[in-house]
Amino acid sequence: MRRVVVTGLGMVSPLACGVEETWKLLLAGESGAGPIQGFQTDDLACRIAMQVPRGDGTNGTFNPDHWMEPKEQRKVDDFILFAVTAATQALADANWKPTTYQDQIETGVIFGSGIGGLGGIYEQGIVLKEKGPRRVSPFFVTGRIINLTSGYISIQHQLKGPNHAVVTACSSGTHAIGDAARLIAFGDAEVMVAGGAESAVNRLGIAGFAACRALSTDFNDRPKEASRPFDRDRDGFVMGEGAGAVVLEEYEHAKARGAKIYAEVVGYGMSGDAYHITAPMESGDGAFRAMQAAIKRAGITAEDIDYINAHGTSTPLGDEIELNTVQRLMGEGSKVSMSSTKSAIGHLLGAAGAVEAVFSILALRDQIAPPTLNLHNPPASMQIDLVPLEARKRDIEFVLSNSFGFGGTNACLILTHAH
Amino acid sequence: MSDVAERVKKIVIEHLGVDADKVVDNANFIEDLGADSLDTVELVMAFEEEFSVEIPDDAAETIVTVGDAVRFLDKATAAS
C-alpha cells in the first residue's frame, strides 16, 4: 500500500481564522465561547455558542472577502465559505498549486459536513411560505447541499481528481480524511484536499439540538465554563462552527517536490454501534472496535499511543463511556494523555474531526498536549491523564483522534512522524 | 436616467458584484457582466420583487441586456 502524508493544514475556528493563530490561543487556554450573536435567543434553552470571530482579517479575525468573492458568498451558507477558506489555506501551506492538466487530474477533494446549509433551508422555507415558490432562490439548492464544499473547492483551485463528500454527523471530518488517505493509498489520486465544515449555529440548529437534549443549558450566564468535557458538572455540548482541512499526499510525490511533511496517516478505523440514534452504547463497543481497527491498520499496539484527541463533547453519557472505553483499550498503568479540545472551540459537528486531526498533527509537531479546559472535578473512574486546564509538554510519537456521530458512526485516525 | 433605470442598475450591481460604470444600456448580463444562467434567473426574480410585477418565462428569455430590462419594466410598470 502506498504511504500517505500530510503536507498542508488549514482552519477557521471559533478561536481564530488560521491554523497557527488558533493553535496559539488553544495552547494558552483561551475559549471561543460567548453569548450567541446574530439572531434571537431569548426563547432558546441554550443561548451560548462558539462562533467564528469576524473582522477585517487582522489579529486572527475572519474576513470572508479574503476567501470568496462577495457575489459568491451571497449564494452559499457559511459552511461552504468556511470549507473554501480552510482548503485554500491548506493548499497554500502545502505550496501545491496544480496548473498542469496532469497535476489537476491527480488532485481531488473530499469534504464532509454533518448538517449542511441549515440556515439557508430555514430562510428559504420562510420565503416559500410567505412569498410562494416563484421567490425561492435559484441558488437555494447549490448553496445548501454538502458536496458543494468539495464542488466549490475544486472549481476555485481547478482540482479535477476524485470529488466526493461525507455525511456522517460528527464523524464526517474524520471519515473525509481517512477516506481521502485511502484513495491516495489505492492510487486514485496523488494529492487530496480533505476536511470538514459546519455552520449550524442558527435558530433552527440550536432549537433542534436542544430538543434532543444534547446542548449545555446550565451555563448561559457563564459561556466560557460551559464546555467542560469529563468534568463532574458537564451538562451537554456547546455548538461551534468553522472548518478544518488537510492536504494529503502520496509520500514519494511529496518527497519528490520537496514538500514540508507534517505527519503520516498510518491508521484509520471505522465501526457502527447498531444501537441508538443518539446515545452511545454503554459498553463503548463501537468506539472500542473503531480504535482497535485503526491501531491494527497502523501496525502498532495501544501502548504505542501517546496522545488522544478525544471526541469528548461534554455530554454526561458520552464522555464517561469514551473514558472507560479508552482505559479498557489502553490497559492499566497507561502513560497516554487524552484531552478534549472541544473545551476551547466547542463541538464543530461535521468539522470537528478535521479540526481535531489538525490539532493532533500540531501536538505531534510541537510535542505538546493541548488542554481540557474547565476540568476541575474529573470522574472517579479516571486512571489516565486528561490534561486538565493547562497544555503539557511531553513526548509524542503516535496520536489518535476520535470521532463518534449520531446514528452510531465511529471513526478514528492515527498519525505519526513520517520517517 | 429614469427612476426605473436607476433601480435596475442598483439590482444588477448588487447581484452580479460589478462596477457601476460597466452597467450600461447595452451591457449583456452573461457576455459583459459575468453572469451565468442561474444569475439571470435570480436577476429576473429580483426585478419582479422590486417592481411588483410578474415576468413570465418567455418574456424573461428576451431580457438579456440592462436596456432590455429597463424597457420591459418601464412598460410593465406604466401599464399597472
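The values are calculated or read from the model by the stated rules, or taken from the named source; none is laboratory data. From a predicted model like this one, the values you see are computed outputs, not experimental measurements. Note that each Cβ is placed from the backbone with ideal geometry, even for glycine, and that neighbours are counted across all protein chains shown.
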Check your understanding: Looking at the stretch B:56-80, which of its residues are within 14 Å of chain A (Cβ to nearest Cβ) and within 11 Å of the chain's Cα centre (by Cα)?
Key -> B:A60
**Study point:** helices (runs of 4 or more DSSP H) contained in the stretch A:1-96 and holding at least 3 residues under 17 Å from A:G173 (Cβ atoms), of a type outside the set (G, A, S) and under 15 Å from the mean Cα position of the chain (by Cα)
**Key:** A:19-27, A:78-94
**Study point:** Any hit, the stretch A:249-258, residues being closer than 24 Å to A:A363 by Cβ, surrounded by fewer than 20 Cβ atoms within 10 Å (Cβ to Cβ), in contact (Cβ under 8 Å) with a residue 40 or more places away in the chain and aromatic (F, W, Y)
**Key:** yes
Check your understanding: What pairs can you find where one residue is in the stretch A:125-143 and farther than 18 Å from B:V53 by Cα, the other is of a type in the set (S, T, N, Q), and their Cβ atoms are less than 7 Å apart, with a gap of 6+ or different chains?
Key -> A:F140/A:Q124
Practice item. Test each condition in (1) of a type in the set (S, T, Y); (2) in a loop (DSSP other than H, G, I, E, B); (3) in contact with a helix residue (DSSP H, G or I) (Cβ under 6 Å, 6 or more places away or on another chain) for A:S137 and report the one that comes out false. Key: (3)
Practice item. Take the stretch A:111-134 and flag every residue that is assigned to a helix (DSSP H, G or I), surrounded by fewer than 22 Cβ atoms within 10 Å (Cβ to Cβ) and among the small types (G, A, S). Key: A:G125
Check your understanding: In the stretch B:33-48, which residues are in contact (Cβ under 8 Å) with a residue 12 or more places away in the chain and of a type in the set (D, E)?
Key -> B:D39, B:E42
Exercise for review: Answer yes or no as to whether A:L415 is of a type outside the set (G, A, S), under 16 Å from A:S227 (Cβ atoms) and crowded, with 24+ Cβ neighbours inside 10 Å.
Suggested key: no
Check your understanding: Is it true that A:E69 is within 14 Å of chain B (Cβ to nearest Cβ) and more than 23 Å from A:V201 (Cα to Cα)?
Key -> no
Check your understanding: What are the residues in the stretch A:233-276 that are farther than 21 Å from A:A165 by Cβ and under 16 Å from the mean Cα position of the chain (by Cα), if any?
Key -> A:F237, A:V238, A:M239
Review point. Taking the stated definitions as given, is A:G108 within 14 Å of another protein chain (Cβ to nearest Cβ), crowded, with 23+ Cβ neighbours inside 10 Å and either in contact (Cβ under 8 Å) with a residue 12 or more places away in the chain or assigned to a loop (DSSP other than H, G, I, E, B) (or both)?
Key: no
Exercise for review: Go through the stretch B:1-59 and give me each residue that's part of a helix (DSSP H, G or I) and among the polar types (S, T, N, Q).
Suggested key: B:S37, B:T40
**Study point:** Neighbours by Cβ (under 9 Å, 6+ apart or cross-chain): first from the stretch A:59-71, on the phi > 0 side of the Ramachandran plot; second modelled with pLDDT of 95 or more and part of a helix (DSSP H, G or I)
**Key:** A:N59/A:E21; A:G60/A:E21; A:G60/A:T22; A:G60/A:K24; A:G60/A:L25
**Study point:** Lone unmet requirement of (1) in a helix (DSSP H, G or I); (2) at positive phi for A:I184
**Key:** (2)
Check your understanding: Of the residues A:A287, A:A351, A:A357, A:A310, which single one is over 15 Å from the mean Cα position of the chain (by Cα) and surrounded by 17 or more Cβ atoms within 10 Å (Cβ to Cβ)?
Key -> A:A287
**Study point:** Matching residues, the stretch A:216-238, being more than 13 Å from A:I48 (Cα to Cα) and surrounded by 24 or more Cβ atoms within 10 Å (Cβ to Cβ)
**Key:** A:R228, A:P229, A:F230, A:R234
